[in-house]
Amino acid sequence: MTGMKRILIIAAHADDEVLGAGGMIHRWVREGKDVACLFLADGETSRAGGEERIGQRTCGAEAAAAVLGHQILATLNFPDNRLDQVPLLDIVQAIEPHIAAYAPDTVLTHSAADLNADHRRALEATLTACRPLPGHPVRRIASFEVVSATGWNPASAAFNPNCYIALSEQDWNKKQEALQCYDAEMRAYPHFRSYQAVDALAQMRGASAGVERAEALTILRWLEN
């Protein structure tokens, strides 16, 4: 993905950015690119006692950002697993000022194949906020995959990657380190959201492209002037 200088990850929840794009975030930061994350939902309040854990998740996001080297623009604190109950316009209008201020040339967000309703809503809101108006800074939009969300929706079209980002050993190790910042969200193997399953997916995506490990994207829009 040549030409990228400023990349914004719009994630439904803190931890999605590492599960879906942690290795490429580290690679791009290592290459001198500017990377930031914007989180839409609080990630906790759909669960019993979730209000008390919001601070823990925020700390996890900050620790993961320190490991990977990106910045966090904001957490918008929409209700967890209820983004489909929030008017789309409200989400779009909350995203747009951050896009205007940060001016990314590339935006990554969730896949339409995801089972998680917040993920699908994040995609819809991102595409709306990044509609190709004259002078809009965003030139490229792509979807990443998140284990335990992408691939669990048999009623949806599957995630079909058409772009692979090769990960060095350092990139992969940093992703693993960043995942440990969200250890409370990880599960024991053979759960899909286990450390072993995340590694298996990276190896499978890498083998698909002839490298040891990779993360995959589906390109939704690509503009070259």
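No lab work stands behind these numbers, since they all come straight from the coordinates. Note that the coordinates shown come from a computational prediction; the quantities given were computed from them, not determined experimentally. We place every Cβ from the backbone using ideal geometry, glycine too, and count neighbours over all the protein chains shown.
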### Query
Any idea which of 37, 108, 54 is furthest toward the positive side of the dipole for the chain, if Lys and Arg beta-carbons carry +1 and Asp and Glu beta-carbons -1?
108
### Task
For the stretch 90-206, give the magnitude of the charge dipole about the Cα centre (Cβ charges: +1 Lys/Arg, -1 Asp/Glu; no others), in debye to the nearest 20.
260 debye
### Task
Please give the calculated 222 nm ellipticity per residue for the chain, where each DSSP H segment of at least 4 residues contributes -39500 (n - 2.57) and the sum is spread over every residue; nearest 500 deg cm²/dmol?
-12000 deg cm²/dmol
### Query
Once log10 I(q)/I(0) by the Debye sum over Cα atoms at q = 0.07, 0.08, 0.14 Å⁻¹ is worked out from the coordinates, which option in (1) -0.34, -0.44, -0.97; (2) -0.19, -0.25, -0.82; (3) -0.20, -0.27, -0.92 does it equal?
(2)
### Task
Run the dipole for the chain about the Cα centre, Lys and Arg Cβ at +1, Asp and Glu Cβ at -1, nothing else charged, and hand back the magnitude in debye, nearest 20.
520 debye
### Query
Taking the Cα centre of the stretch 11-132 as origin and charging only Cβ (+1 Lys, Arg; -1 Asp, Glu), how large is the dipole, in debye to the nearest 20?
240 debye
### Message
Taking only Cα atoms of the stretch 141-209, what ratio of Rg to Rh do you get with Rh as the Kirkwood inverse-distance radius?
### Response
0.96
## Note on the structure
Lys and Arg at +1, Asp and Glu at -1: neighbours of residue 142 with Cβ under 15 Å from its Cβ sum to 0
### Summary
Within the stretch 29-138, DSSP-loop trypsin sites (Lys or Arg not before Pro) with at most 12 other C-beta atoms within 10 Å are 47
### Query
Residue farthest toward the positive end of the dipole of the chain, with Cβ of Lys/Arg at +1 and Asp/Glu at -1: which of 217, 162, 148?
162
### Task
Give me the net charge of residue 33's neighbourhood, meaning all other residues with Cβ under 12 Å from the Cβ of residue 33; Lys, Arg count +1, Asp, Glu -1.
+1
### Query
What nm value, rounded to one decimal, do you get for the distance between residue 5 and residue 66 when each label is placed 7 Å out toward the C-beta?
3.1 nm
## Note on the structure
Scattering profile of the stretch 1-134 from the Debye formula, Cα beads only, expressed as log10 I(q)/I(0) at q = 0.14, 0.16 Å⁻¹, is -0.60, -0.78
